[in-house]
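Asks: Pasting a structure here, questions to come.
The values are calculated or read from the model by the stated rules, or taken from the named source; none is laboratory data. What you see is a predicted model, and the numbers here were worked out from it, not measured in a lab. All Cβ positions, glycine included, derive from the backbone under ideal geometry; neighbour counts span all protein chains shown.
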C-alpha cells in the first residue's frame, strides 16, 4: 500500500504548492555589473534591518528589465539592475503588462578599463587606436581599406610592436554598448573613417560601419564575464582585455591597466569626467510594489544613502564611482518620484 | 585456399612452438588489450587531473584565518539610552560595531608591543573581515547584558590576509595589489607569532550563507546545502512513487500496442532532453502559470523531478523485467491476484534495482545547474530557508549553483571557495553512489 500512500501524499503536496504564502523578501535581478554592488547592499541591509536579506540574481541588464516588466504581483521581481539606461521598448512592454510607474535610480558610475598582463609592456591608448586596431575597414592614406594592421605599432608607432589581440565583451553585455559608443564610434569619427564610410555607404549605413569589427581573429568577443577575460589573458599574454573598473581593482596584482587619452582610470578621474570611457549604473523599481513588499522602500533608501553609495561607502571601496548628484537621487527616492518619458 | 600454401615441405611443428599465424594472433590480442588499457588510462588521467586540480585549489577553503580579539563593548557607543533595550540598540549599525573592532585590534597591537613602520589606521581596520561587525552586533543584540564588558571574540580575518597564510598572496603581489599592503602582511606575521592570528578548521564554510564580494572570507555553503537537500527531498518524494507506478503499469498491465510503444519511445527521448529545456518548462508552468515563488526549492524540486522521472522509469522497468516470469506465475498459480503478485513478490525482488536507479537519478539531479538558471535559483541568497514544508517556498540556493556563482566573482579568493564547494558536492555524490553500489551488492538477486 506504500505506493498508494506515496502517490496520494505527492498529489497533496503538489496541490499545497499552488497555495504559496505571501513573499516577504525583496527580489532583484539584472545586470551582472551591478550585481556585486547590489549584493553588498543586500548583505548590509539584511544585517542592519529587521527585514530579510533581498535575493539578488544576475542575468544581464536586458533580461532584468524584461523580468521587471512582466507584470505586477508577488511572482514578479521588484527591482531590475541595469548597466545601461532603460529602452523605450522596455517601457512599452511594462505599460502593456500593467507596470505603469517605474522609478529610475542612478547609483553611480562605472569605468571601463583596458588592461593587459602585468608582465607585459605599458600601453597608452586613444579611441582612434582602438578603432584602427579592431574595425573591419579603416582609413589608410586617405582611402577606405580593409584593416591591414597586424601589430599595435602599425596602428600607432608610439605603441609596442605587439600583435593585436583584444578580448572585448560580447554584444549581450551592457559594457559592449559603452565600448561601442565611447571607444569605437569616437575613434571612427576621430580617424575620419566616419566621413569615408558615409561617403561610401550613405548617411544611414555609414555609421553602422563604425561598429563592424574585423573577423580575422584579432578581436574576440567574450560572452562570459570578466573572469573569463582574465583567464584568456592569462593564456595569451599579449592580449588586451576590457574590464570593469571594480574587477580591475580586485586584480591589480595580475593586470596592468592602460591609459585612455592619457588619463589613468581611477574613481577620481571617472568622477571628474576626465577618463572618457564610463557609464552610469541604474536600478529600476516597480512602484506598484512599494508598500506591498516589506522593506522595499527602506532598501532603496539604504542603497542610495551616503553610508552605502557615498564616496567613502563600501560601494566606492569596491570600485563604484560615486555620483556627485547623490543628494538629488536621495530626495527623488524618498519622494518616490517615478521616471518621466525618455528624452 | 590454394594449394600453394601447402606445396613444398612444410616442417611440422610442435603445438607448443608458435608458428607465424599464432604469433600474429597473439600480437593482435596483446594490441587489443593494450587499446583497452590505454582507454582506461585516458579515463584515469582525466579523473586524476580533475580531482587534483579541484583538491589543490579547494582544500585550503576548509581552513580559515581568524583573529582572537578582546573587544570592549563600550556602553557609550552601543547603548546611548543606557537601558539595554535591544530595540533601541538596533540603531547602532555594523559600521559602529566595526569601529569598536578596529579600536580593539589597535589596542591589541599596542599591548603586544608590535611596531610596524608606516602602518596606517586603514591598514589595521582592513585586517578584520567586514563580516566580524555583524557577528559582534548579533551577539550583543541577543545578549544585551554583555554591553559594558570586555568580551573575547573569534572573528574572521580579511580574505587577503587569509590568502597570505595560505600562500595565495605574497609580499610581491601585495605591493601591486590595491586591496592589501605589505605592511598588513608584516602585521599579520607579527600577530601570528603572538597567537592572535590563527588558522583553524572552517566550519563556517559548511554552515554560513553566501557573502558579497567585499567579504569572500565569510562565504559559505549553508544555504546551498539546505536548498539542495530540500530539492532532493521533493525529487525523491515525487519521482519515486510516480516513476514506480508508471513502470509497474507499463511493465505489468499495459497491452503491447502502438500507444505503449509510443510512450516508451517518448520516455527514452525525455531522458536525453537537455536539462535547460526542463528549466524553460518550469518557468512557464510552475512560476508563470501556477504562480509558485521564484528562487524556491519547491520549483527546483518539481523541475528536477520531471528531469529524473525518465531515469527512474527506465531503471525500474529494467528491474521489473529482470524478475523471472516464473515468480509471477507461481504467485498467480497459488491464487494471488495480479496486484498481490506484484506488491508481494515482484516489487520486493525488483526493489534493489529500483533504489539504485532512483539514487543515480537523484545524484544526477543534485549536480544539475542549467534548469535552475531559469527559475531564479542562481541568485545571491543569504537567509536560510525555514523548516519544511514552509521552507520549500523560501528562496534558497543549490550546491552546483553556488559553484557557478563563485566562479564569476572578481575577488580571487572565490576561486578557492568554488573549488571547495566542488569538493563538498563531490563528497555528496560519492556518498550517494556508494550507497547505490552497496544496495546493489547486498540485495541484488540473480536468477
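Asks: Within the stretch B:140-158, track down each residue that is out of contact with any strand residue (DSSP E or B) (no Cβ under 9 Å at 6 or more places or on another chain) and outside any loop (DSSP other than H, G, I, E, B).
Replies: B:141, B:142, B:144, B:145, B:146
Asks: Considering B:359, B:354, which residue is in the same structural domain as residue B:303 (by TED's automatic domain parsing), in contact (Cβ under 8 Å) with a residue 12 or more places away in the chain, more than 18 Å from the chain's Cα centre (by Cα) and more than 18 Å from residue B:209 (Cα to Cα)?
Replies: Residue meeting the stated conditions: B:354.
Asks: Also: Of the residues that sit in the stretch A:7-36 and are within 9 Å of chain B (Cβ to nearest Cβ) and modelled with pLDDT of 90 or more, which one is nearest to residue B:389 (Cα to Cα)?
Replies: By that ranking, first place goes to A:27.
Asks: What's the number of the condition residue A:292 fails, among (1) crowded, with 20+ Cβ neighbours inside 10 Å; (2) out of contact with any helix residue (DSSP H, G or I) (no Cβ under 9 Å at 6 or more places or on another chain)?
Replies: With (1) crowded, with 20+ Cβ neighbours inside 10 Å; (2) out of contact with any helix residue (DSSP H, G or I) (no Cβ under 9 Å at 6 or more places or on another chain) applied to residue A:292, the lone miss is (1).
Asks: Hey, can you tell me all the residues within the stretch B:182-195 that are outside any loop (DSSP other than H, G, I, E, B) and either touching a residue at least 40 places away in the same chain (Cβ under 8 Å) or over 18 Å from residue A:254 (Cβ atoms) (or both)?
Replies: B:183, B:184, B:186, B:187, B:188, B:189, B:190, B:191, B:192, B:193, B:194
Asks: What residue, among those in the stretch B:159-181 that are surrounded by 24 or more Cβ atoms within 10 Å (Cβ to Cβ), in a helix (DSSP H, G or I) and within 11 Å of chain A (Cβ to nearest Cβ), is farthest from the chain's Cα centre (by Cα)?
Replies: Once the filter is applied, the top-ranked residue is B:160.
Asks: Right, next: Could you tell me which numbered condition residue B:316 fails, if it satisfies all but one of (1) crowded, with 24+ Cβ neighbours inside 10 Å; (2) over 20 Å from residue A:55 (Cβ atoms); (3) more than 12 Å from chain A (Cβ to nearest Cβ)?
Replies: Going through (1) crowded, with 24+ Cβ neighbours inside 10 Å; (2) over 20 Å from residue A:55 (Cβ atoms); (3) more than 12 Å from chain A (Cβ to nearest Cβ) one by one, residue B:316 breaks only (3).
Asks: Which of the residues belonging to the stretch A:321-336 are loosely packed, with under 14 Cβ neighbours inside 10 Å and in a loop (DSSP other than H, G, I, E, B)? Step through it out loud before you land on a result.
Replies: Looking only at the stretch A:321-336, we keep the residues that are loosely packed, with under 14 Cβ neighbours inside 10 Å, and these are A:324-325, A:327-328, A:331, A:334-335.
Matches in the stretch A:321-336: A:324, A:325.
Asks: Quick check on this structure: which one of B:56, B:50, B:78, B:73 is under 27 Å from residue B:210 (Cα atoms) and in contact with a helix residue (DSSP H, G or I) (Cβ under 9 Å, 6 or more places away or on another chain)? Can you show your working first?
Replies: Details: B:50 fails: in contact with a helix residue (DSSP H, G or I) (Cβ under 9 Å, 6 or more places away or on another chain); B:78 fails: under 27 Å from residue B:210 (Cα atoms); B:73 fails: under 27 Å from residue B:210 (Cα atoms).
Among B:56, B:50, B:78, B:73, only B:56 is under 27 Å from residue B:210 (Cα atoms) and in contact with a helix residue (DSSP H, G or I) (Cβ under 9 Å, 6 or more places away or on another chain).
Asks: Name the single residue that is farthest from the other protein chains (Cβ to nearest Cβ) among those in the stretch A:58-93 being more than 27 Å from residue A:278 (Cβ to Cβ) and outside any loop (DSSP other than H, G, I, E, B).
Replies: A:92
Asks: What is the residue count in the stretch B:390-405 for residues that are within 11 Å of chain A (Cβ to nearest Cβ) and in contact with a helix residue (DSSP H, G or I) (Cβ under 7 Å, 6 or more places away or on another chain)?
Replies: 5
Asks: Just to check your reading of the model, which residue among A:55, A:145, A:138 is away from chain B (no Cβ under 14 Å) and crowded, with 21+ Cβ neighbours inside 10 Å?
Replies: A:138
Asks: Which fully enclosed strands (runs of 3 or more DSSP E) of the stretch A:237-289 have 3 or more residues being within 26 Å of residue B:180 (Cα to Cα)? Walk me through how you get there before you give the answer.
Replies: Values: elements: A:240-244, A:255-257, A:278-286.
Per the criteria, A:240-244, A:255-257.
To keep it simple, each residue is scored yes or no on (1) modelled with pLDDT of 85 or more; (2) in contact with a strand residue (DSSP E or B) (Cβ under 8 Å, 6 or more places away or on another chain).
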position: A:157; (1), (2): yes, no
position: A:161; (1), (2): yes, yes
position: A:206; (1), (2): no, no
position: A:212; (1), (2): yes, yes
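Asks: For the stretch B:217-268, give me the residue count where each residue is closer than 18 Å to residue B:398 by Cα and either assigned to a helix (DSSP H, G or I) or in contact (Cβ under 8 Å) with a residue 40 or more places away in the chain (or both).
Replies: Residues flagged as closer than 18 Å to residue B:398 by Cα and either assigned to a helix (DSSP H, G or I) or in contact (Cβ under 8 Å) with a residue 40 or more places away in the chain (or both) within the stretch B:217-268 amount to 18.
Asks: Additional query: For residues that are over 22 Å from the mean Cα position of the chain (by Cα) and either assigned by TED's automatic domain parsing to the domain that holds residue A:177 or surrounded by 16 or more Cβ atoms within 10 Å (Cβ to Cβ) (or both), tally how many sit in the stretch A:295-306.
Replies: Number of matching residues: 3.
This table checks each residue for (1) in contact with a strand residue (DSSP E or B) (Cβ under 6 Å, 6 or more places away or on another chain); (2) closer than 29 Å to residue A:73 by Cα; (3) away from every other protein chain (no Cβ under 11 Å); (4) modelled with pLDDT of 95 or more.
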position: B:217; (1), (2), (3), (4): yes, no, yes, no
position: B:272; (1), (2), (3), (4): no, no, yes, no
position: B:281; (1), (2), (3), (4): no, yes, yes, no
position: B:310; (1), (2), (3), (4): no, no, yes, no
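Asks: Any idea which of A:215, A:227, A:171 is assigned by TED's automatic domain parsing to the domain that holds residue A:262 and assigned to a helix (DSSP H, G or I)?
Replies: A:227
Asks: Any idea which of (1) within 13 Å of chain B (Cβ to nearest Cβ); (2) touching a strand residue (DSSP E or B) at 6+ places or on another chain (Cβ under 9 Å); (3) surrounded by fewer than 21 Cβ atoms within 10 Å (Cβ to Cβ); (4) assigned to a helix (DSSP H, G or I) is the one residue A:47 doesn't satisfy?
Replies: (2)
Asks: If you check residue B:397 against the conditions, is it under 18 Å from residue B:378 (Cα atoms) and out of contact with any strand residue (DSSP E or B) (no Cβ under 8 Å at 6 or more places or on another chain)? Show your work before the answer.
Replies: Working: under 18 Å from residue B:378 (Cα atoms): yes; out of contact with any strand residue (DSSP E or B) (no Cβ under 8 Å at 6 or more places or on another chain): no.
Considered against the rule, which asks whether it is under 18 Å from residue B:378 (Cα atoms) and out of contact with any strand residue (DSSP E or B) (no Cβ under 8 Å at 6 or more places or on another chain), residue B:397 comes out as no.
Asks: So residue B:308 passes all but one of these: (1) surrounded by fewer than 23 Cβ atoms within 10 Å (Cβ to Cβ); (2) assigned to a helix (DSSP H, G or I); (3) in contact with a helix residue (DSSP H, G or I) (Cβ under 7 Å, 6 or more places away or on another chain). Which condition number does it fail?
Replies: Status for residue B:308: all satisfied but (1).
Asks: Determine which single condition residue B:373 fails, assuming it passes every other condition in (1) more than 9 Å from every other protein chain (Cβ to nearest Cβ); (2) over 30 Å from residue B:322 (Cβ atoms); (3) modelled with pLDDT under 90; (4) surrounded by fewer than 22 Cβ atoms within 10 Å (Cβ to Cβ).
Replies: (1)
Asks: Please go through the stretch B:82-95 and give me each residue that is surrounded by 14 or more Cβ atoms within 10 Å (Cβ to Cβ) and more than 10 Å from chain A (Cβ to nearest Cβ), ordered by number.
Replies: B:84, B:88, B:89
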